[in-house]
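To keep things clear, I will list the structure first and then write my remarks on it.
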Amino acid sequence: MKFNLLNRSRLLLQSATPVLETIAELWTAWSRQKLPLYLFLALCFNLIVAPVVYAASGNEFSHIQAWALGLLGLATLAISIYLFFVMFIPEKF
Amino acid sequence: MNTRFSTSISTSTSTHASRSPGGRRDDRKHIPKADRKGLYQRAIRASFTKLNPRVAVRNPVMFVVWLGTIVTLLVTLNPNLFGTVQAEIGKQRLLNGIITCILFFTVLFANFAEAVAEGRGKAQADALRSTRSDMVARQLLPDGRIQEINSTELRRGDQVKVIVGDMIPADGEVIQGIGSVDESAITGESAPVLKQTGTDIASSVTGGTRLLSDELIVRITADPGQGFIDRMIALVEGAERTKTPNEIALTVLLAVLTQVFLIVVATTPAISGYIAGFLDHAVGAAAGNSLRAGTSIAILISLLVALIPTTIGGLLSAIGIAGMDRVAQFNVIATSGRAVEACGDVNTLVLDKTGTITLGNRLADEFIPVNGHSVQEVAHVCLAASVFDETPEGRSIVQLAQKLGAKFDLDESAEGIEFSARTRMSGTDLNGQEFRKGAVDAIKGFVRSRGGQVPTTLDEAYEQVSRMGGTPLAVCQGNEIYGVIYLKDIVKPGLRERFDQLRRMGVKTIMLTGDNRITASVIAKEAGVDDFIAEATPEDKIDVIRSEQAQGKLVAMTGDGTNDAPALAQANVGLAMNSGTQAAKEAANMVDLDSDPTKLIDLVTIGKQLLITRGALTTFSVANDIAKYFAIIPTIFAAAGIGALNIMELKSAQSAIVSALIYNALIIPVLIPLALRGVQFRPLTADQLLQRNILIYGLGGIIAPFIAIKAIDLVLPLS
């Protein structure tokens with residue numbers, strides 16, 4: 001009984017190893033790729049911004065338009081921050 | 001080059017090379033020639049590759065345009081994405097689509113400009129790479145055996161044997177032997193160069209060159225991948241290209257301008273919305289809606305792109321790369337773009353007299369007897385003292401003496417006394433007789449040490465030669481001085497005009513010479529240099545550079561000897577001769593493959609041309625904004641009552657925006673040839689250049705877009 005349990009655990013571990021490796025690989029790739037991460041964070045942050053835009057505009061914009069405008073505002077802010085980076089550490093560009 | 005060494009007696013600088021560096025520069029080309037076939041196809045491909053955000057992010061202005069293109073593409077797909085459009089949806093989509101295409105081509109054209117400049121550098125690097133290949137080297141083992149290994153396995157400090165016909169496997173210094181080397185692979189000069197051990201400047205050999213005669217034992221001075229040709233390839237290719245201080249300053253300026261216009265454009269909808277609301281009540285809803293239509297996202301992005309300095313943003317890196325390329329075409333390798341740029345800012349040029357201001361080969365013109373001797377007697381002693389001297393000066397003394405009927409029987413007991421910087425004389429010992437020639441002071445000391453007297457007429461002859469601008473060399477036999485040799489120095493033709501040009505540009509020239517004060521002043525006057533330092537030592541070079549730098553000036557100098565290395569490192573622009581020592585080449589920030597010190601003057605011109613080109617295109621780019629402003633703003637805000645500012649009388653807001661953007665995109669490829677070639681250089685002062693640039697590129701930058709935008713507006717079918 002004990003032996004079977006041990007054997008099954010070992011098999012489970014063996015089959016889980018490639019999956020874990022794949023997850024680790026994905027995590028490494030994910031941490032290397034900054035752009036998707038930033039886009040994801042922007043989309044998440046837009047969940048807060050878009051309702052504000054919608055509320056501020058009255059009935060002028062639809063939900064989708066408010067969401068798009070929120071993203072555009074965030075993109076403009078990001079460009080502005082990027083340009084400040086260029087101004088203060090220009091040798092990196 | 002040691003200045004005292006060079007001027008007090010026959011120099012060795014011209015002995016090592018059998019070619020003349022003063023030849024026609026136009027004829028010099030790299031061999032093999034850079035293959036530029038397919039350059040434009042490759043550049044077109046590269047301009048698409050550069051759309052990768054990781055690459056695009058390095059150019060802030062064009063990155064903003066690139067992001068703008070993505071946003072306009074989104075509003076082309078869905079014009080109502082950021083708000084319901086006032087105009088007909090189909091028309092709005094067409095306009096957004098046109099704007100997207102133009103913005104995309106603006107980015108592509110900027111990428112193309114950079115890719116063409118890089119492609120030219122890469123073509124040159126490929127040509128150089130073709131000269132370098134793996135080869136078998138004969139490594140000399142410590143026990144004297146020879147082992148054949150691949151040249152890539154050689155390390156610094158290894159010794160190799162090179163025999164006739166072999167390629168030299170890596171950069172190194174000759175430690176044994178003498179031989180002719182074909183350096184045409186790197187210099188383009190077909191004449192072979194004599195390489196030998198023991199001399200300060202003729203012992204350096206470059207990997208990839210071919211030994212044409214005899215055998216050499218070479219000590220390797222560079223590890224694989226660190227050789228001269230490797231470094232050249234990396235530099236020409238732009239692999240090690242970092243932004244220069246001027247480029248950094250300009251990048252900051254462009255980022256500030258972009259930031260300002262981004263804020264202006266981002267806040268425009270709020271302001272125009274407020275005015276539109278006011279117009280709704282005051283004039284009517286139609287006026288308010290017209291203003292709102294003018295601030296759609298696509299139009300705001302167009303306004304932003306038209307206002308930010310895209311022309312210079314797109315051409316900036318191309319100008320820098322082309323500057324490096326121009327220097328490389330001049331057979332000069334710069335270690336960085338910073339060095340090329342520094343050439344343009346140079347205030348003081350420190351130049352050696354011999355070989356730079358005067359022709360390197362001074363020739364004996366006259367023997368002046370002293371102490372009651374005849375010319376024939378002087379000629380005999382001169383011949384005896386120079387019979388072992390293989391320098392051009394020494395050979396000219398021998399020729400003049402033979403012309404005067406002098407004869408000298410050379411037997412096996414004769415021994416040549418070589419020149420040294422310490423003794424400052426050379427000569428021959430024969431059967432206990434000592435024949436010497438050298439600097440007058442040195443010969444005086446030699447004669448006194450042998451118990452002889454110095455005749456008073458010697459100083460008169462010395463001054464006579466000096467006043468003629470020549471170099472006086474005294475000759476003696478044992479303890480008796482026989483006379484003075486007049487070595488005629490010839491100022492290189494055309495130099496006076498070049499120095500006048502430099503003076504007009506505000507560049508001061510200082511001549512350094514080991515000659516006495518009288519000779520130095522005569523040559524300085526004849527050449528037209530601003531200042532001179534006579535009887536200079538190598539230390540004086542560093543002192544003069546430091547004193548000029550202490551006054552806030554940038555100094556350029558040339559050198560080729562090991563003793564020049566500290567001064568080359570100290571100078572803002574140090575130009576080492578390719579024939580020079582490894583130490584000099586490593587200390588300098590530029591290496592002249594033709595070993596022509598006069599080229600420093602040309603480099604100043606190239607550096608200035610680079611800075612002027614950048615300044616001119618920046619002026620043009622910023623001046624363009626005025627016309628684009630007048631094209632776009634009055635038409636999109638016409639409802640706000642500023643329609644009168646539409647001085648170009650453009651048909652409509654759409655036509656005005658598209659015309660301005662088309663001009664904005666097309667001006668980049670139009671200016672690519674100018675960016676790569678550089679604006680025409682004129683030797684003017686900084687103030688005159690500024691006035692001229694403001695007039696041509698400032699005023700031209702205002703007028704040209706007015707005409708071009710109006711012309712495009714007339715042609716466009718938009719209404």
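Hey, does region B:475-489 have a residue that's in contact (Cβ under 8 Å) with a residue 40 or more places away in the chain, in contact with a Cys (Cβ under 8 Å, 6 or more places away or on another chain), closer than 18 Å to B:THR354 by Cβ and in a strand (DSSP E or B)? Yes.
Only residues that are closer than 17 Å to B:GLY273 by Cα and of a type in the set (A, V, I, L, M, F, W, C): list them for region A:67-84, please.
Of region A:67-84, the ones closer than 17 Å to B:GLY273 by Cα are A:69, A:73.
The answer is A:LEU69, and nothing else.
Right, A:ALA75: under 22 Å from B:ASN52 (Cβ atoms), within 11 Å of chain B (Cβ to nearest Cβ) and touching a residue at least 24 places away in the same chain (Cβ under 8 Å) or not? Write out each step before concluding.
On the way: under 22 Å from B:ASN52 (Cβ atoms): yes; within 11 Å of chain B (Cβ to nearest Cβ): yes; touching a residue at least 24 places away in the same chain (Cβ under 8 Å): yes.
Taking the combined requirement at face value, the residue satisfies it.
If only one of B:MET505, B:MET511 is crowded, with 22+ Cβ neighbours inside 10 Å and closer than 30 Å to B:ALA342 by Cβ, which one is it? Steps first, please.
Working: B:MET505 fails: crowded, with 22+ Cβ neighbours inside 10 Å.
Going through B:MET505, B:MET511 in turn, just one is crowded, with 22+ Cβ neighbours inside 10 Å and closer than 30 Å to B:ALA342 by Cβ: B:MET511.
Determine if region B:632-641 includes at least one residue that is over 18 Å from B:PHE104 (Cα atoms) and under 46 Å from the mean Cα position of the chain (by Cα). Yes, the conditions are met somewhere in region B:632-641.
Annotation for region B:446-454: no member residue is in contact (Cβ under 8 Å) with a residue 60 or more places away in the chain, buried (at least 16 other Cβ atoms within 10 Å of the Cβ), of a type in the set (A, V, I, L, M) and outside any loop (DSSP other than H, G, I, E, B).
Quick one: which helices (runs of 4 or more DSSP H) lie wholly within region B:262-340 and hold at least 2 residues that are free of Cβ contacts under 8 Å to residues at least 40 places away in the same chain?
Details: elements: B:285-293, B:297-307, B:310-329.
Output list reads B:285-293.
Number of residues in region B:59-105 that are under 30 Å from B:ALA286 (Cα atoms) and either outside any helix (DSSP H, G or I) or within 11 Å of chain A (Cβ to nearest Cβ) (or both) equals 15. Filtering region B:498-541 to residues that are of a type in the set (Val, Ile, Thr), at pLDDT 85 or above and under 26 Å from B:THR605 (Cβ atoms) leaves B:VAL507, B:THR509, B:ILE510, B:ILE523, B:VAL529, B:ILE533. Failed condition for B:ILE319, given (1) modelled with pLDDT of 80 or more; (2) surrounded by fewer than 23 Cβ atoms within 10 Å (Cβ to Cβ); (3) touching a Ser or Thr at 6+ places or on another chain (Cβ under 6 Å); (4) more than 30 Å from B:PRO493 (Cβ to Cβ), with all others met? Going through (1) modelled with pLDDT of 80 or more; (2) surrounded by fewer than 23 Cβ atoms within 10 Å (Cβ to Cβ); (3) touching a Ser or Thr at 6+ places or on another chain (Cβ under 6 Å); (4) more than 30 Å from B:PRO493 (Cβ to Cβ) one by one, B:ILE319 breaks only (2). Is there a residue in region B:342-349 that is over 30 Å from B:ALA588 (Cα atoms) and in contact with a Lys or Arg (Cβ under 6 Å, 6 or more places away or on another chain)? Taking every residue of region B:342-349 in turn, none turns out to be over 30 Å from B:ALA588 (Cα atoms) and in contact with a Lys or Arg (Cβ under 6 Å, 6 or more places away or on another chain).
Does B:GLY277 count as in contact with a Gly (Cβ under 8 Å, 6 or more places away or on another chain) and either farther than 24 Å from B:ILE702 by Cβ or assigned by TED's automatic domain parsing to the domain that holds B:ILE633 (or both)? Write out each step before concluding.
Details: in contact with a Gly (Cβ under 8 Å, 6 or more places away or on another chain): yes; either farther than 24 Å from B:ILE702 by Cβ or assigned by TED's automatic domain parsing to the domain that holds B:ILE633 (or both): yes.
Yes; evaluated as a whole, the condition is true for this residue.
Scanning region B:259-293 for residues that are in contact with a Leu (Cβ under 6 Å, 6 or more places away or on another chain) and facing another protein chain (nearest Cβ under 8 Å) yields a total of 1.
In the set (1) at pLDDT 75 or above; (2) part of a helix (DSSP H, G or I), B:LYS195 fails one condition alone, (2).
The values are calculated or read from the model by the stated rules, or taken from the named source; none is laboratory data. Just so it is clear, the model here is predicted, and its values are computed rather than measured. Here the Cβ is made from the backbone with ideal geometry for all residues, glycine too, and neighbour counts use every protein chain on show.
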